[in-house]
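Q: The structure follows.
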Amino acid sequence: MIQNTGGQNSGNKPANTGTGKVGRRQFLSSVGVGGGALAAIAGFPQIVAPSVLGRTAAAAPNDRIHLGCIGSGGMGQSNLRDFVRVEDCRVMAMCDVKRDVREAAKAQVDEYYGNSDCLLYDDFRELLDNPDIDAVLIASPDHWHALHAIAAAVAGKDMYLEKPVGLTIEEAQLLRHVIHERERVFQFGVQQRSDNRFRQACELVRSGRIGKLKAVKTCTTSGADDDRSGLTRLEPEPAPDGLDYDMWLGPAPDRPYVPQRVVTPHWYHISDYSVGFIAGWGIHHIDICAWGMGVEDTGPVNVRGSARFPTPEEDILCDCPLHWEIEYEYADGVLVSFTGEGAGFEGHRRGVTFEGEDGWVWVNRHGIEAEPAKLLEIPREELEIQLYKSENHRKNFIDCVRSREETIAPIDSSVASEITCHLGWIAVQLGRELEWDPEKEWFPREDPPNRMMRREMKSPWCLPKMG
């Protein structure tokens, strides 16, 4: 196994070049590679994967796309089961700070390929240092997503990023900038876009088959039941052998180790590492709302929300909302109502409902319904709007890595949906209506909410500074 050879940061932030560009070595230094394999390579850009050079050209026909995985448990395992079955892809490396998780992932890959070739890493920077890796799957805990993704882009890797993009609007904005600057292929883990039912619903709405759109209603689980720890008192203990707990925390605040802190699904609902299911699950449906409305590259102009947060007597660890009600208003007057079901609150019907003057369409992962029902019988070729079609989200990513075309869930629409979720998160914390400028991406009349667009990271971890 390749051991963690460093991780100590020099403490220096990247220099501002004045051009808006952040150099590769500057960024890698800023996220903690003052020592170790990456820093040991003077002139890092000289050692890159052949497929990174001249990225506008397609890879050689006989070459498979070599994939490395950062975060090998939970959604990492789920995605791996799909990626190994993509003919044009070769999963070749696993990285996780939990030894048992990365070894289990390696065993899964090796069993599928019938060999023992899968490489193991416990430091993502060393995986990104591997010149043979073309692209990465990022399925680490949410508080790591932005740092892992930005570092991957700077290292010349294309990426499939599990949702959400990160913990803040600032992180999402910066990743978008770097993806465009580095011309990386990006796929977001909102796989409902590759589901025929969701595409059909959105095509019907955008083709005007339910008449003028009046409202959109969506609901998801809040994870308020078995997902929560139920702890009312913390009893810290030493981190177990095989877990690099300092690296698991990374940019998050220092907290005492308790097993429930690092276990899926509990950390999904701890605000140090997540914004709960407002983004963690809700972004799936918020993204479909935007796709169906035709506003996937912009956002609302107003947002208001309320939520019930657990008290310390209910859960001292999992502090994200038990349920919520959020309403977004768009420039054309359409209202999107987003509820999180849990703790005795039902909210809207699970899924996404588009309501028009002449009918409605409802869709979730289990089915699609419409009124009038005959809308579902309209042949796709007769619809005025036919959206990007993908029937396999992971294969779509690999195909686009080779072709250099845009994926079905590209960076711009992904960040727009991400920001919409974060607006809801900010609104429920403040419990009031907020005005939002979707072009400038800021709150024009509000100082406290603008400060909530970012978070401090624990030193030595930090985001690169943009000029």
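Q: Kindly provide the set of residues from the range 260-306 that are surrounded by 19 or more Cβ atoms within 10 Å (Cβ to Cβ), more than 24 Å from Ala239 (Cβ to Cβ) and polar (S, T, N, Q), ordered by number.
A: Hit for the range 260-306 is Thr298, nothing else.
Q: Additional query: Residue under question is Leu376, and the condition is that it be out of contact with any helix residue (DSSP H, G or I) (no Cβ under 6 Å at 6 or more places or on another chain) and over 17 Å from Arg184 (Cβ atoms); does it hold?
A: Numbers: out of contact with any helix residue (DSSP H, G or I) (no Cβ under 6 Å at 6 or more places or on another chain): yes; over 17 Å from Arg184 (Cβ atoms): yes.
Considered against the rule, which asks whether it is out of contact with any helix residue (DSSP H, G or I) (no Cβ under 6 Å at 6 or more places or on another chain) and over 17 Å from Arg184 (Cβ atoms), Leu376 comes out as yes.
Q: Let me ask you something else. Checking Glu369 against (1) outside any strand (DSSP E or B); (2) out of contact with any Asp or Glu (no Cβ under 6 Å at 6 or more places or on another chain), only one condition comes out false. Which one?
A: For Glu369, the exception is condition (1).
Q: Further, regarding this structure: Taking the stated definitions as given, is Leu167 buried (at least 24 other Cβ atoms within 10 Å of the Cβ) and under 21 Å from Leu423 (Cβ atoms)?
A: On the way: buried (at least 24 other Cβ atoms within 10 Å of the Cβ): yes; under 21 Å from Leu423 (Cβ atoms): yes.
Judged against the criteria, Leu167 is a match.
Q: So Glu162 clears everything in (1) under 30 Å from Thr311 (Cα atoms); (2) of a type outside the set (Gly, Ala, Ser); (3) more than 14 Å from the chain's Cα centre (by Cα) except one condition, right? Which one?
A: (3)
Q: Additional query: What pairs can you find where one residue is in the range 339-361 and assigned by TED's automatic domain parsing to the domain that holds Glu325 and surrounded by fewer than 19 Cβ atoms within 10 Å (Cβ to Cβ), the other is of a type in the set (Asp, Glu) and at pLDDT 95 or above, and their Cβ atoms are less than 7 Å apart, with a gap of 6+ or different chains?
A: Listed pairs, sorted by first residue: Gly359/Glu371.
The values are calculated or read from the model by the stated rules, or taken from the named source; none is laboratory data. Treat the numbers as computed from the prediction; the structure is a model and nothing was measured. Note that each Cβ is placed from the backbone with ideal geometry, even for glycine, and that neighbours are counted across all protein chains shown.
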